[in-house]
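For reference, the structure is listed below as structure tokens.
What follows is calculated from the coordinates using simple rules that are stated; it is not laboratory data. Because the structure is a prediction, the values reported are computed rather than measured. With ideal geometry, Cβ positions are generated from the backbone for all residues, glycine too; neighbour counts draw on all protein chains shown.
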Amino acid sequence: MNSADIATIKSLLATPQNIVIIPHKNPDGDAIGSCLGLSKFLDCLGQNSTVVAPNDYPKFLKWIPGNEEILNFERENSQSKRLIEEATLIFTLDFNHLSRTGQMESYLEAASADFIMIDHHQQPSDYARVTYSDVSMSSTCEMVYNFIDSLDGVSKISKDIATCLYVGIMTDTGSFKYASTTSQTHRVVAQLIDKGAENMQIHQQVFDNNSPARLHLLGVALNNLVILEKYKTAYITMSQDELDKHNYSKGDTEGFVNYGLTLDGIIFAVIFIENKEEGIIKISFRSIGDFSANEFAREHFNGGGHTNAAGGRSDFNMEETTERFIELLKNYQKQLNS
Ligand code: 5GP
Ligand code: MN
């Protein structure tokens, strides 16, 4: 953050504000961790803030400190709308465009509050009074740590704040292994552990809480894996029927897409997940190296994200979607093999 932005934020936070903090739709560990970590820090400054999520999030995050204080826009609809309307300051965390909040978008557009964006996705849009966007960052949680540091607030980081921020850094870096993990990320994480984040316990609570049904669903996913050697690509499909048969609940397919990348020689991995209720196929893209999952998702599947991790959607059925995907790959054969 530059010094002008820091000065603006300091002056905004010098008086009591009605603050709402918003993650993207289908929030992940980084979105939830950053919102709750920021909310708890703002509490320390004597501010009043509420996290409003566009919809529900996976149960492997439902232990996180402050979990019970999060409002769900779908469930607590009128209360959420009122808070947005009355807000004087709205933080938007871990997304780059208001459309990423789904049905909240129009209410946010109509809000009179000042906006502050903290985010690490590519191509940020220009709606905020302060835009703290840095695509080189491992996670929004690392950015919230920097935000706190800019306000000279590191001494205020409690065990709960440290835990929230640790969750997001850990999940967005694939447990500290992705290219976005820097020595500075590790310095921040070291600070968070010193502040009380129980790293082993956090890891277990997020990753070692499988139900038998989820492991069986993983078996189905791996069985459906298709390898396209000449495109260095592997993809997985999951139909609604397969999900239903295994008692699918939100978050159960998290991480499945990464299995494709564990194959020797594969640099592009994709999962197509049918969502009958929304009438779409939700898609996750992962890549290794220079091949841009972000560009691919943006250009062909109405999505976006980061260079090596992006998401998107298709309004066609599964068969049409995968056929179209394979057709598209022909145009990328050179890039995928360079
Ligand atoms: P995931 O595949 O885990 O859902 O998402 C990977 C990354 O892409 C995350 O950073 C996520 O925020 C972003 N992302 C997921 N879906 C979409 C989408 O539909 N549009 C955009 N712009 N980004 C997405
Ligand atoms: Mn993130």
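Within the same chain, lysines fewer than 8 places from residue 10 are excluded, and of the rest, those with a Cα less than 29 Å from its Cα are 25, 40, 81, 156, 159, 195. Between residue 51 and 21, 71, the built amide H atoms are under 5 Å apart, and every one of these is 5 or more places off in sequence or on another chain. Between the listed residues 181, 249, 306, the Cα displaced farthest toward the positive end of the dipole of the chain, a dipole computed from Cβ unit charges relative to the Cα centre, is found at 181.
Between the range 246-289 and the range 200-230, the alpha-carbon centres lie 10 Å apart.
Using the rule -39500 (n - 2.57) for each DSSP H run of four or more residues, divided by the residues of the chain, the 222 nm mean residue ellipticity is -11500 deg cm²/dmol. The distance linking the range 126-169 with the range 7-22 is 15 Å (Cα centroid to Cα centroid, whole angstrom). Residue by residue, the range 256-269 carries 3J(HN,Hα) couplings of 4, 4, 5, 4, x, 6, 7, 6, 4, x, 8, 10, 9, 10 Hz when phi is fed to the Karplus relation 6.51 cos²θ - 1.76 cosθ + 1.60 (θ = phi - 60°); x denotes Gly or Pro. Cross-link partners of residue 330 among lysines, defined as those whose alpha carbon lies under 21 angstrom from its own and excluding same-chain residues fewer than eight positions apart: 230, 232. Charged neighbours of residue 160, selected by a Cβ distance under 12 Å, balance to +1 (K, R count +1; D, E count -1). Over the chain, the pair-distance histogram of Cα-Cα distances with 20 Å bins from zero comes to 31, 58, 11 percent, rounded to whole numbers. Peptides 49-56, 174-181, 21-28, 250-257 ranked from most to least packed give 21-28, 49-56, 250-257, 174-181, packing being the mean of other C-beta atoms within 10 angstrom over each peptide's residues. With viscosity 1.306 mPa s and temperature 10 °C, the Kirkwood radius over alpha carbon pairs of the range 114-247 converts through Stokes-Einstein to a diffusion coefficient of 90 µm²/s.
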